[in-house]
Amino acid sequence: MNYKGSIFAISGSLRSGSSNHNILRFLNKLVPADISYYIYDRLAEIPPFDPGMDHEHPPEAVVELRNFMKNASGIVICTPEYAFGVPGQLKNMLDWMVSSSSLVDKPVALITASSVGSHAHAALLLTLGALSAKMIDGATLLIPFIKSKIDTDGNFTDEETEKALREVMKVFLKAI
């Protein structure tokens, strides 16, 4: 099968060695050579959302992010859950997308990997729906108790989790 385009991957964790970053790096290994895969590492640089700044000339970091999203064939979000919710910086980033068309009909895969994760996962599905993102059936995954399923080097210690991630990526690649 010939895939074209690019995948823009976003971690909801700001810590580069997090389980979520490790999952995104694992997914990169599953992407065919003819698709570029970019893990966004500037989430911390997105300023707090301010509707008064969201006009013809929003902050440069927001312009760059919107362009990445618009030009990607698909987006993968992998996030933890913080205090039973979406990590603040990830939600902030999504708030900046409301007035743009960056996510309209854009295929999105959502992976929530945390201690529990169900609250953030449900909230993100609602938020992405409000942004008119195209959620792909079979390309969402909730991985509870992630710390018991992956080691500190990013290797999976749980075969079922690895298998589920492979399936999510297979479905997502077909969709884009």
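A short reminder: the numbers here are calculations on the coordinates, not readings from a lab. Model, not experiment: these values are computed from the prediction. So basically every Cβ, Gly included, is an ideal-geometry build from the backbone, and we count neighbours across all protein chains shown.
Given H placed 1.01 Å from N in the peptide plane, which residues other than close sequence neighbours of ILE150 have an amide H under 5 Å from its amide H?
THR157
Just to be sure I understand the model, the point goes 7 Å from the Cα along the line to the Cβ. What's the resulting ARG25 to GLU45 distance in nm?
2.1
Any chance you could run the full-extension gain for MET53 through ASP158? It's 0.36 nm times the residue separation minus the Cα-Cα distance, nm to one decimal.
My answer for the length gained is 33.3 nm.
Under a 5 Å amide H to amide H cut-off, with H placed in plane at 1.01 Å, what residues pair with ILE39 once short-range neighbours are removed?
Residues meeting the criterion, in which the H sits 1.01 Å from N, are ALA9.
Taking the Cα centre of each part, how many Å lie between the stretch 121-155 and the stretch 5-21?
Answer, in whole Å: 12.
Pick from GLY52, GLY12, GLY117: which is most flexible by mean-square fluctuation in a GNM of the chain where alpha carbon atoms under 10 Å apart are linked?
Greatest mean-square fluctuation among the candidates belongs to GLY52.
If I model a spin label at GLU167 and SER148 as a point 7 Å from the Cα along the Cα→Cβ vector, what separation in nanometres do I get?
So the label points at GLU167 and SER148 sit 2.0 nm apart.
On the principal axes of its Cα set, how long, how wide and how thick is the stretch 1-84? Give whole Å, largest value first.
Sorted largest first, the three principal extents are 45, 32, 19 Å.
Only bridges whose two residues both fall in the chain count here: according to DSSP, what percent of them are antiparallel, nearest 5?
Around 10 percent of the beta bridges assigned by DSSP in the chain are antiparallel ones.
Evaluate 2.2 N^0.38 Å with N set to the residue count of the stretch 36-176, then give the Cα radius of gyration divided by it. Walk me through the numbers before you get to the answer.
Working: Rg = 15.4 Å, N = 141, 2.2 N^0.38 = 14.4 Å.
Scaled against compact globular proteins, the figure is 1.07.
What residues of the stretch 104-143 lie in the reach of a label at ALA61, counting those whose backbone N is under 15 Å from a point 7 Å from the Cα along Cα→Cβ?
none
Extension gain ASP34-SER101, at 0.36 nm per residue separation less the Cα-Cα distance, in nm?
Residue separation times 0.36 nm, minus the Cα-Cα distance, leaves 21.5 nm.
³J(HN,Hα) across the stretch 113-130 via Karplus (A = 6.51, B = -1.76, C = 1.60, θ = phi - 60°), whole Hz, x for Gly/Pro?
3J(HN,Hα) across the stretch 113-130, in whole Hz: 10, 7, 5, 10, x, 5, 5, 5, 4, 5, 5, 5, 4, 5, 4, 5, x, 5.
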